[in-house]
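The values are calculated or read from the model by the stated rules, or taken from the named source; none is laboratory data. Quick caveat: nothing in here was measured; it's all calculated off a predicted structure. As a convention, Cβ positions derive from the backbone with ideal geometry for all residues, glycine included, and neighbour counts pool all protein chains shown. We work out accessible area using only protein heavy atoms, side chains counted, and drop any ligands, DNA or RNA first. Shrake-Rupley method; radii C 1.70, N 1.55, O 1.52, S 1.80 Å.
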Amino acid sequence: MLDSVYAEAANILIYPMSLIGLLFIIVTFIIIFSICRINIRRESRTYGIYKSLGMTSRQIRLSLTMGMFILSSVGAILGIFFGVYLLPLLLEMVLSGYGIVQLPLILHWGGMVLFTCLSIIAASLGSWFSSRIIREASPRILVIE
């Protein structure tokens, strides 16, 4: 009976936790967008030089986006590793002081992979949309700024 109650409680928590995950993905997009926008403004002279040497705006934007994609992919893989293997150990150490010795965790790999992919996509899209200023500016304006 305890297992059925625990399973029902876990099923009830799936929707609120999914909404919280979606909120984190939106916040990821906003933060990456802002950080990339600041870095693009700071490095506008470099991108102007790239454009004057013959790189297209699309190539520059794609290189920025691919860099963010690779960085967020590595971070997601490390995050899954720490979240699945190290966090339960840490929680058991903390909760053992309260008398909870064994912590039953339900790991839904499909959901973890889905939200990981969504967060990587959100980071990449944030980088792509923030680099729109490179497309709109001429090399001369980028170098002058």
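Take the conditions (1) under 15 Å from the mean Cα position of the chain (by Cα); (2) touching a residue at least 40 places away in the same chain (Cβ under 8 Å); (3) closer than 22 Å to residue 13 by Cα; residue 106 misses just one of them, which is (1). Hey, could you check the range 41-55 for residues that are within 29 Å of the chain's Cα centre (by Cα) and farther than 11 Å from residue 141 by Cβ and say which is least open to solvent (accessible area, probe 1.4 Å)? Restricting to residues being within 29 Å of the chain's Cα centre (by Cα) and farther than 11 Å from residue 141 by Cβ, the top hit is 46. Any idea which of 78, 125, 114, 86 is over 18 Å from residue 21 (Cα atoms), part of a helix (DSSP H, G or I) and open to solvent by 40 Å² or more (accessible area, probe 1.4 Å)? Every option except 86 fails the conditions.
Annotation note: Cβ proximity below 6 Å between a residue of the range 1-29 that is at pLDDT 80 or above and a residue that is among the polar types (S, T, N, Q) and open to solvent by less than 90 Å² (accessible area, probe 1.4 Å) (sequence gap 6+ or interchain) occurs for 25/119; 28/119.
Residue under question is residue 34, and the condition is that it be small (Gly, Ala, Ser) and under 15 Å from residue 132 (Cβ atoms); does it hold? It is true that residue 34 is small (Gly, Ala, Ser) and under 15 Å from residue 132 (Cβ atoms). Criterion first (open to solvent by 70 Å² or more (accessible area, probe 1.4 Å) and either without any contact (Cβ under 8 Å) to a residue 12 or more places away in the chain or more than 23 Å from residue 11 (Cα to Cα) (or both)) does residue 93 satisfy it? Yes; evaluated as a whole, the condition is true for this residue.
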